[in-house]
1. Report the FRET efficiency, 1/(1 + (r/R0)^6), for Thr297 and Lys353, where r is their Cβ-Cβ distance and R0 is 35 Å, rounded to 0.05.
2. Roughly how many whole Å is it from the C-alpha centroid of the stretch 219-290 to that of the stretch 298-367?
3. Would you tally the net charge around Asp122, using a Cβ to Cβ cut-off of less than 15 Å, leaving Asp122 out, and scoring K and R as +1, D and E as -1?
4. Dipole of the chain (Lys/Arg Cβ +1, Asp/Glu Cβ -1, origin at the Cα centre): which of Asn359, Ile410, Ser46 lies farthest to the positive side?
5. What nm distance separates the two modelled labels at Lys398 and Ala172, each placed 7 Å from Cα along Cα→Cβ?
6. So if R0 is 25 Å, what FRET efficiency would Lys469 and Ala208 give, r being the distance between their Cβ atoms, rounded to the nearest 0.05?
7. Rounded to the nearest 20 debye, what is the charge dipole size of the chain about its Cα centre when +1 sits on each Lys and Arg Cβ and -1 on each Asp and Glu Cβ?
8. Given only helices, namely DSSP H runs of n ≥ 4 each adding -39500 (n - 2.57), what is the per-residue ellipticity at 222 nm of the chain, to the nearest 500 deg cm²/dmol?
Amino acid sequence: MTQKFSRRSFLASSLAVLPIAACAEAPSNSLRPVDRPAPPKPKSASDLVSDAGITGVTAFALADARTGRRIAGSNDTALLPPASVAKIITGLYALDVLGPNFRFGTEVVYKGTISNGVLNGDLVLRGNGDPLLDTDGLNALVKQVKAAGINKVVGRFIVDASAIGPISMIDAGQPAHVGYNPAVSGINLNYNRVHFEWKKEGADFAVAMEARSENLRPNVRSSRMRIVDRAGPVYAYEDAGSYDSWTVARGALNNFGSRWLPTRKPKAHVAEVFTSLANSNGLALPKAQFGSSSGGTRIAFDQGAELPAVVRGMLKFSTNLTAEVLGLTASKALGGNAGSLKASAKRMNQWVKSKYGVNVSLVDHSGLGDKSRVTAKALVDILTKAHQTQPDFEALLKPIPMRDEKGNKIAGHPAKVMAKTGTLNFVSALAGYVRGADGRAKAFAIVSGDVPRRKSIPKENREKPRGAKTWNTRSKRLQQKLLQKWALL
């Protein structure tokens with residue numbers, strides 16, 4: 001006989017065989033979860049700023065880069081120095097005005113006739129401001145002139161640097177000897193710096209001033225150094241007319257060392273180095289003359305890199321000369337004044353207003369001048385609109401790795417940051433794009449500045465003032481914490 005079981009009867013019979021104790025007695029241990037302390041509530045951005053121990057004002061802004069929707073902000077309309085974050089604006093300015101296919105170039109032309117290796121006429125070295133020209137590139141120009149069949153010039157050797165400037169320094173408020181504050185000219189060489197090297201020899205020192213590049217190191221007299229006995233300052237500069245005159249305090253020198261010093265007379269510096277290289281290659285030149293000289297037949301050319309590569313290098317290495325040359329060249333292309341940094345920066349400010357609809361007040365193109373002012377909100381508005389209209393720009397920024405409290409890189413952190421740093425004494429800024437695990441880009445700007453404290457530093461102490469390193473370290477630590485928080489939003 002076949003028996004049929006319903007689902008209800010099966011469940012009833014299954015329950016019937018359970019031991020009575022299993023139903024009648026409570027378990028010896030409670031089944032309630034054990035109470036555990038709640039995880040700490042993540043700190044707000046405001047708490048992170050308060051905990052950072054940074055004097056002055058800290059401002060930040062965060063927005064969705066695709067839509068412009070504001071996500072976070074604090075003090076984001078406070079006017080603060082942007083430091084080198086200003087180079088973001090300069091890069092966008094140059095790419096928009098000059099175009100991505102623009103290239104700088106330095107050429108040599110001749111006017112006259114060439115016969116039996118002799119140029120009866122003028123040889124002209126002409127630049128348009130290439131900030132990346134170095135001694136190796138200048139030597140390549142000399143070799144091209146030689147290859148064209150010229151061994152001697154009977155006429156004039158003219159250096160034409162009239163495309164830009166001349167501007168003797170970027171910011172008069174900086175110490176005279178810092179290499180990041182050079183002159184700006186239509187012809188620039190080795191970032192308009194000279195390599196000073198010393199070596200102890202007996203009771204005295206041997207010194208050298210060189211136009212050093214990767215492969216060459218010709219000595220120069222356009223910049224001269226003397227060792228003097230004095231307590232301070234370490235370096236002192238004097239305009240000696242035809243050359244830069246430097247002195248260094250003897251007691252500040254160890255047995256061997258070197259540093260880069262700025263050149264204030266780039267035309268004379270380039271003319272001397274070109275003539276020295278020409279002599280080494282068997283090309284006899286008359287003493288250089290300076291001025292504008294149009295026309296001529298090109299016989300040598302050094303072509304600079306494409307503009308996006310120049311901008312990428314500027315943003316990565318924060319080269320002030322490159323920024324100023326880019327800004328001045330773009331202003332000149334718009335019909336602006338390329339002879340004054342302040343006038344050119346004013347033209348760039350107008351372009352920002354027209355292009356992005358925001359106000360900035362920059363006094364140069366590098367951010368070195370501490371009278372420049374921007375807001376975190378304006379920076380984010382610019383970055384947001386640039387993301388929509390110039391999407392390739394993000395890739396030109398510098399990757400910023402995420403770090404822990406000790407400064408070690410955090411492996412596998414979801415934050416991917418492309419940004420530009422900015423540092424002055426008691427000013428620290430970071431702006432760019434942050435992406436989390438979802439890959440969505442957010443534009444951000446973080447600017448901290450203690451302007452009164454910065455203004456109180458004597459000019460001679462501005463290279464390494466007391467307390468600036470600690471302040472800057474705290475600022476960078478705060479930037480990391482904010483970015484790591486924003487990446488997880």
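1. The pair Thr297/Lys353 has a calculated efficiency of 0.20.
2. The stretch 219-290 and the stretch 298-367 have Cα centres spaced 28 Å from each other.
3. Working: positive: Lys111, Arg126, Lys152, Arg156, Lys287, Arg298; negative: Glu107, Asp160.
Net local charge, Asp122 excluded: +4.
4. Result: Ser46, furthest along the dipole toward the positive end.
5. 3.0 nm
6. Working: r = 31 Å, r/R0 = 1.23.
After rounding to 0.05, the efficiency reads 0.25.
7. Working: 68 positive and 38 negative charges, 248 e Å.
Dipole size: approximately 1200 debye.
8. Working: 12 runs with 143 residues, N = 489.
Result for the chain, helices only: -9000 deg cm²/dmol.
The values are calculated or read from the model by the stated rules, or taken from the named source; none is laboratory data. These figures come from a predicted structure and were not determined experimentally. Note: ideal-geometry Cβ built from the backbone for every residue, glycine included; neighbour counts use all protein chains shown. For accessibility, only protein heavy atoms count, side chains too; no ligands or nucleic acids. Shrake-Rupley method; radii C 1.70, N 1.55, O 1.52, S 1.80 Å.
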